[in-house]
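The values are calculated or read from the model by the stated rules, or taken from the named source; none is laboratory data. Because the structure is predicted, anything quoted here is derived from the model rather than measured. Using ideal geometry, Cβ is built from the backbone for each residue, glycine included, and neighbour counts are taken over all protein chains shown.
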Amino acid sequence: MTALTLAALLAAPLTPPADANACLPVDAIQRVAAKALRGDYDPVPGYIKHLYLVAQQRGLTVQGVARLTTYCPRCSGMTCADGSRVRDGICAANPQIAMHSWVWLECSGWLKVCDRGGWVTLGYCRYGQTANVDEWLPGCVGDCWRGPGTRERVPYAVLPPGSEKARN
Ligand SMILES: [Zn+2]
């Protein structure tokens, strides 16, 4: 070590270590996208990472707050409105959100819209909410659509159908 670098080290201010999250975007989805793409949540399925990449490259930001409920085999059938079987990672959404769109929710991540429902309309949204999302969750605690699985004012954003394989 030369005298010069030693002097530089001694003169360096004693700062706390840099916070790896300090320079991340403020917007909730852009913040999670940055963390997902740098590997914070690995292992993450490839299509989920791709959705975050598309969201980042398009500058997708939180569009509003959603009402989020859950449904399960005990409360509902096994076939979605699009004809596919219910499965992890899917949801019903109000009809203003196109079938097979991708909805990002701050507390659930990406869900594919494959279903509809009589409860899943904007008419059941209050508190300034602009989307109604019903997440498939087989381990329901009971009383789907209004029970303890219900969340109000969840930040959300939507990507159009096909975004899981969109080229940028
Ligand atoms: Zn249920």
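Which of the following residues is among the hydroxyl-bearing types (Ser, Thr, Tyr), more than 23 Å from Tyr52 (Cα to Cα) and modelled with pLDDT of 95 or more: Ser84, Ser76?
Just a single option satisfies the conditions, and that option is Ser84.
Where in the range 89-168 are there strands (runs of 3 or more DSSP E), lying fully within it, with 2 or more residues that are under 20 Å from Ser76 (Cβ atoms) and assigned by TED's automatic domain parsing to the domain that holds Tyr71?
Because the criterion is at least 2 residues that are under 20 Å from Ser76 (Cβ atoms) and assigned by TED's automatic domain parsing to the domain that holds Tyr71, the strands (runs of 3 or more DSSP E) in the range 89-168 that meet it are 90-93, 102-105, 109-115, 131-136.
Please specify each residue of the range 137-164 satisfying the condition of being small (Gly, Ala, Ser), under 23 Å from Tyr127 (Cα atoms) and near the ligand (Cβ under 9 Å from one of its atoms).
Scanning the range 137-164 gives Gly147, Gly149.
Inside the range 66-117, can you point out the residues that are free of Cβ contacts under 8 Å to residues at least 12 places away in the same chain and either away from the ligand (no atom under 15 Å from the Cβ) or touching a Cys at 6+ places or on another chain (Cβ under 7 Å) (or both)?
The answer is Thr79, Gly83, Arg85.
Looking for whichever is among the β-branched types (Val, Ile, Thr), buried (at least 16 other Cβ atoms within 10 Å of the Cβ) and over 14 Å from the mean Cα position of the chain (by Cα) here; the options are Val133, Val154, Val120. Which one fits?
Val120
Can Val103 be described as touching a His at 6+ places or on another chain (Cβ under 8 Å) and surrounded by 18 or more Cβ atoms within 10 Å (Cβ to Cβ)?
It is false that Val103 is touching a His at 6+ places or on another chain (Cβ under 8 Å) and surrounded by 18 or more Cβ atoms within 10 Å (Cβ to Cβ).
Can you list residue pairs whose Cβ atoms sit under 8 Å apart, with the first residue in the range 144-159 being under 15 Å from Asn94 (Cβ atoms) and touching a residue at least 40 places away in the same chain (Cβ under 8 Å) and the second being within 16 Å of the ligand (Cβ to nearest atom) and of a type in the set (Asp, Glu)? Count only pairs 6 or more apart in sequence or on different chains.
Pairs that qualify, where the first residue is under 15 Å from Asn94 (Cβ atoms) and touching a residue at least 40 places away in the same chain (Cβ under 8 Å) and the partner is within 16 Å of the ligand (Cβ to nearest atom) and of a type in the set (Asp, Glu), are Trp145/Asp134.
Listed residues Val62, Val120, Val26; which is of a type in the set (A, V, I, L, M, F, W, C), out of contact with any helix residue (DSSP H, G or I) (no Cβ under 6 Å at 6 or more places or on another chain) and within 22 Å of Pro160 (Cα to Cα)?
Exactly one residue qualifies, and that residue is Val120.
Given the criterion closer than 28 Å to His50 by Cβ and in contact with a Phe, Trp or Tyr (Cβ under 6 Å, 6 or more places away or on another chain), identify the matching residue among Leu111, Leu68, Leu105, Leu137.
Leu105
With the requirement that a residue be in a loop (DSSP other than H, G, I, E, B) and touching a Ser or Thr at 6+ places or on another chain (Cβ under 7 Å), what does the range 27-46 give you?
Passing the criteria: only Asp27.
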